[in-house]
Amino acid sequence: MMYDMFPGRRDFMDFSRRLFDVMFDPSFGNAAGFNTDIRETDNEYILEADLPGMAKENIHLEYHDNVLSIAAQQEEGKDETDEEGNYLRRERTSRSFRRQFLLRDVDEHNIAASFENGVLTVHLPKKEPQAPTSRRIDIQ
């Protein structure tokens, strides 16, 4: 066969095929790892983030200096081992995600979050915007 004439070509073709499969995987190119929508109403911002397969205990939210941070860590897959503990198949991966969103004038004491069916929903009530302040600076 033609592959036999070029040592290593079969390995290269297998590598190329795997690379092609990865590039067209739906999660490739989504460096953030999860999709998020943010809606604004008169009274609040509503953030919805898709985190399928995630456990609520592995999701961490923080609002600090007008920035909402969402961090999550996930382990997935399964292991099949023989009696000696050697892997016959290993597809377990560990992933961590982190995203940040700038949301100004949020009443941080009344933020509420829920997680249901793989969707994180965060309600961020608005507070009255602070008027920008300025002061004259004398040059010495």
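The values are calculated or read from the model by the stated rules, or taken from the named source; none is laboratory data. Given the structure is predicted, the values throughout are model-derived calculations rather than measurements. Using ideal geometry, Cβ is built from the backbone for each residue, glycine included, and neighbour counts are taken over all protein chains shown.
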Practice task
For residues that are closer than 18 Å to His64 by Cβ and surrounded by 10 or more Cβ atoms within 10 Å (Cβ to Cβ), scanning just segment 121-140, find the one that is farthest from the chain's Cα centre (by Cα).
Solution key: Lys127
Exercise for the section: Report yes if some residue within segment 69-89 is modelled with pLDDT under 95, among the basic types (Lys, Arg), closer than 30 Å to Lys127 by Cβ and surrounded by 10 or more Cβ atoms within 10 Å (Cβ to Cβ); otherwise report no. Expected result: no
